[in-house]
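Have a look at the structure below, then the notes.
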Amino acid sequence: MRRGGASVAIGCALLLASLLLASSAAAVTYAPVDQPGPALSVPQSDLDNALQCTDNLSSAGKTPVLLVPGTGGDPPQSFGWSWEPSLERLGIPWCTVTLPDHTQGDIQIAGEYVVNAIRTMYVRAGRKVSIIGHSQGGMLPRWALRFWPDTRAMVDDDIGVAASNHGTTGARLVCQLGCSPADWQQSDQAEFIKALNSYQETFPGISYTEIYTHTDEIVMPNSDSTGSSSVHGGGGEITNVAIQEVCPLDISEHLAVGTQDNTAYALAVDALSHPGPAVPANVAHSVCLDPLMPGINKVTYAADALGAAAGFAANTASAPQVTAEPPLRCYVTATC
């Protein structure tokens, strides 16, 4: 009896040891954070055609803003009726970037478009740029900053609204029968998300403002600053803030918080208006009295909002479907 028990114990120990060795062998070694980024694989003409800017990048005398859409979105639905006119009211120049497959393709490819946008804007404006992105668009610039280190010196503020910085638990169910490449990559269990947050989540010299909502039904969890959207450590200056910390009765969900919400807008503008990330205490309580950011035309609001929602729905319906997450590119693991 004792000999049999000992044999079982030894067998279990050997099995555990083999499993641990297999796990160790399968561990990924990510590229160092200071390794120069790879050459862009997307044709330069495609990269340039995807970037649309106001004419005053260099003449406005203000830091230009790159607007990055979320999954299933293009700039017209995401920003054309809300963020763009709101920034113009402040005299802030902006650019938008249109991403492949309505921002539903391989995010590693989309990252090259953001790298090119940052570099191009920096040269044309002659100064650092800031970024505002919604959902995937709030997370995606961090991929560019992580794997193309030269872009870090070109960015002032990185502002994410409902950003999928640590993925979402919702993707586990959505992708069981197949989904878009970008949806696979935004699962909280995705290899992409692990690579994105490898070694450090932020970088010195960049101000990070991560704005989220407790009612987010897409990027989950987001009940507090330990949730998906928030970032931590790494040396960048960071503010993680829920819109409900400023306006407790603001119930804007995932789509609304990134496309029209006045609280999110006010926090973003505060971040743009001074060194460092947003300071929630700077936002006046009067912001809570109007749910819509100031550039939205209230006469055409209903039609604009419905049109945007319809555009998102149509784009989502046409999304490419794959049965597994796209593999990590070699530059991510320094195997090129």
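Brief remarks follow.
- The separation of segment 62-81 from segment 308-336, counted between C-alpha centres, amounts to 18 Å.
- Length-normalised contact order of the chain in % [C-alpha pairs under 8 Å, at least 6 apart]: 19
- Mean residue ellipticity (222 nm) of the chain, computed from DSSP H runs ≥ 4 via -39,500 (n - 2.57), nearest 500: -11000 deg cm²/dmol
- If R0 is taken as 22 Å, the Cβ-Cβ distance between Ala302 and Gln244 corresponds to a FRET efficiency of 0.30.
- Candidates Ser207, Ser59, Ser82: whichever shows maximal mean-square fluctuation once the chain is modelled as a Gaussian network with Cα springs under 10 Å: Ser59
- Spacing of the modelled spin labels on Asp34 and Thr169, each 7 Å from Cα toward Cβ, amounts to 3.9 nm.
- For the pair Ser59 and Lys194, the difference between a 0.36 nm per residue extended length and the Cα-Cα distance amounts to 44.6 nm.
- Between Ala281 and Asp150, residue separation times 0.36 nm minus the direct Cα-Cα distance comes to 43.9 nm.
- Stretchable slack from Asp290 to Arg89, in nm (0.36 nm times residue separation minus alpha-carbon distance): 70.7 nm
- Lys, Arg +1 and Asp, Glu -1 on Cβ, resulting dipole of the chain about Cα centre, debye, nearest 20: 900
- When the alpha carbon gyration tensor of segment 45-325 is reduced to an equivalent ellipsoid, the three semi-axes, largest first, read 24, 22, 20 Å.
Just so you know, all these numbers are worked out from the coordinates, no wet-lab data involved. Just so we're clear, the structure is a prediction, and the values are computed from it rather than from any experiment. We place every Cβ from the backbone using ideal geometry, glycine too, and count neighbours over all the protein chains shown.
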